[in-house]
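Q: Mind having a look at this structure? Questions to follow.
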Amino acid sequence: MTSRASLALVVVSFFSLPSVHGAPVPTSAAGEYSKHLGALRKLSVAVAEAMPADQYSFRPHADSMDFRQLIAHIATTNYQFCAGLKDAAPPTVPSPTDKDAVVKFLSDSFDYCSTVIPNLTEEQLKKAHDSPDGHLPGREILLAMYIHVAHHRGQAEIYLRDKGIKPPSYMI
């Protein structure tokens, strides 16, 4: 076997392997985004659950959202991003005030998105849609949503640290 043939065999074999976690490798862009939505949800909900209920009104600065508002903001915008991808109005969302209701609101927002993202077509990913960040192609909306969640979840982790609580470990 020539060195070129050996290299080709190695490359083909590498890209034919299942992912590190044993799950099949997605074959579409929507599948790629969907694959990471579960981890995004799991860590975000874990951060929301880590703050004690009596600290949900904590804000590190007078100009900051309190923890409840911050987590509810993530949930609300999840609905807005994902509804925009369907060219639909976001569903009516609650205004939760206690920890359990806020965590459920966040979890439900990821459930809603998990019905949208895996079903996106290439056309929907290329087409521009309305979103909280403006009129953007579907791929950019997904990227903006993931960045938005990570940004505000990072803020929430700082709130936890300000209260002496170790945030949940990062997971993918």
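The values are calculated or read from the model by the stated rules, or taken from the named source; none is laboratory data. Here the structure is a predicted model, which means the values were calculated and not measured. Cβ coordinates were reconstructed from backbone atoms using ideal geometry, including for glycine residues, and neighbour counts include every protein chain displayed. For accessibility, only protein heavy atoms count, side chains too; no ligands or nucleic acids. Shrake-Rupley method; radii C 1.70, N 1.55, O 1.52, S 1.80 Å.
Q: Grab the beta carbon distance between GLU32 and VAL93, set R0 = 30 Å, and tell me the FRET efficiency rounded to 0.05.
A: 0.65
Q: Please work out the FRET efficiency for the pair ALA101 and GLU140, using the Cβ-Cβ distance as r and a Förster radius of 41 Å; give the result to the nearest 0.05.
A: 0.80
Q: Can you work out ³J(HN,Hα) from phi for every residue in region 111-119, in order, using Karplus 6.51 cos²θ - 1.76 cosθ + 1.60 and θ = phi - 60°, giving whole Hz and x for Gly and Pro?
A: In residue order, the calculated couplings are 4, 4, 5, 6, 8, 9, 4, x, 9 Hz.
Q: Give the lysines reachable from LYS86 as a straight Cα distance under 29 Å; neighbours fewer than 8 places away on the same chain don't count.
A: Within the straight-line limit of under 29 Å, LYS86 reaches these lysines: LYS35, LYS42, LYS104, LYS126, LYS127.
Q: Heavy-atom accessible area per residue, region 45-172, 1.4 Å probe: how many Å²?
A: On a per-residue basis, region 45-172 sits at 50 Å².
Q: Plugging the Kirkwood radius over Cα pairs into Stokes-Einstein for region 91-158, at a temperature of 25 °C and a viscosity of 0.890 mPa s, what D comes out in µm²/s?
A: Estimated via Stokes-Einstein, D reaches 181 µm²/s.
Q: Which trypsin sites (Lys or Arg not before Pro) from region 31-60 combine a DSSP loop assignment with at most 14 other Cβ atoms within 10 Å?
A: none
Q: Output wanted: per-residue J couplings in Hz (rounded whole) for region 39-50, from phi through Karplus 6.51 cos²θ - 1.76 cosθ + 1.60, θ = phi - 60°, x for Gly and Pro.
A: Per-residue couplings from phi come out as 5, 4, 5, 4, 5, 4, 5, 4, 5, 4, 6, 5 Hz.
Q: Now for a different question. In terms of modelled amide H atoms, which long-range or inter-chain residues lie less than 5 Å from the amide H of VAL93?
A: none
Q: Using a 10 Å cut-off on Cβ atoms, rank the peptides 87-94, 45-52, 115-122 from the highest mean neighbour count down.
A: Final packing ranking: 45-52, 115-122, 87-94.
Q: Still on this model: Would you please give the residues with an amide H less than 5 Å from that of ILE165, counting only those at least 5 places away or on a separate chain, with H modeled from the backbone geometry?
A: none
Q: Spelling out what I want: for every residue of region 71-87, take phi, set θ = phi - 60°, compute 6.51 cos²θ - 1.76 cosθ + 1.60 (Karplus), and round to whole Hz; glycine and proline get x.
A: Along region 71-87, the couplings run 5, 5, 4, 4, 4, 4, 6, 4, 4, 5, 4, 6, 5, x, 5, 9, 6 Hz.
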